[in-house]
Amino acid sequence: MLNFFRFPGVRSIEIRSSAAVGGLRNLKRTLVWAVCVLGGVGAVAQTATPPALVSVQTVAVWRPSEGIFYVSLAGKLEALRWGMAGDIPVVADYDGDGRLDIAVWRPSDGTWYLMSKQGTALKSVQWGMKGDVPVPADFDGDKRADFAVWRPSDGTWYVQGSVDGRMWIYQWGQAGDIPLVGRF
């Protein structure tokens, strides 16, 4: 059974599955949840027979009204103040260490703000403009997320590579599309 829900303003992608979510060891079904980039379309799927299980050790939520990431690290709650109301979470591995970095993108001026693992400002970069959709991903193959935005008005992608700062601009899509990144 597949149920679709709308989550207004959600612009991130996250897919998780587990037979033991949040310590509920008696959960009989595997839960899979996803939130799709732009448009806030989410899907929750439930299957009676669990597939191969993925261990969920860290889960997090972004509370935009407070500018706080609430992260559950192996059962310990951590509240990280980063960003402000109106920012969009753009969590990705920007430094190539194999772990996600806390980051936000400010749509009012197109600035990315990355938090270091020590909880201080690692980097701020202006990339994009009002109306763009942030789509961080490893476009140049260096195992680090690149700053990238998609412009919905004309379907143009703007990518700043993390290796040498090289810029790629290409048109793919049209007004009304939803940008997706990944290894398809």
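The values are calculated or read from the model by the stated rules, or taken from the named source; none is laboratory data. Please read these numbers as outputs of a predicted model, since none were measured by experiment. Backbone-built Cβ (ideal geometry, glycine too); neighbour counts: all protein chains shown. Note: accessible area is taken over every heavy atom of the protein model, side chains too, but ligands, DNA and RNA are not part of it. Shrake-Rupley method; radii C 1.70, N 1.55, O 1.52, S 1.80 Å.
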(request) Starting from the Cα-Cα distance between M129 and D142, subtract it from 0.36 nm times their residue separation and give me the gain in nm to one decimal. (result) 2.1 nm
(request) Counting only heavy atoms of the protein chains, get the accessible area per residue of the stretch 102-184 (1.4 Å probe) and round it to a whole Å² value. (result) 55 Å²
(message) Testing the spin-label approximation: label points 7 Å from Cα along Cα→Cβ at I178 and V59. State their distance in nm.
(response) 2.1 nm
(message) Restricting everything to alpha-carbon atoms, can you work out Rg to Rh for the stretch 116-184 with a Kirkwood hydrodynamic radius?
(response) 1.00
(message) Checking the a/c ratio against 1.5 first, then a/b against b/c, what shape does the Cα gyration tensor give for the stretch 76-148?
(response) oblate
(request) Kindly state, to the nearest 0.05, the FRET efficiency for S116 paired with A85, given R0 = 22 Å and r defined as their beta-carbon distance. (result) 0.45
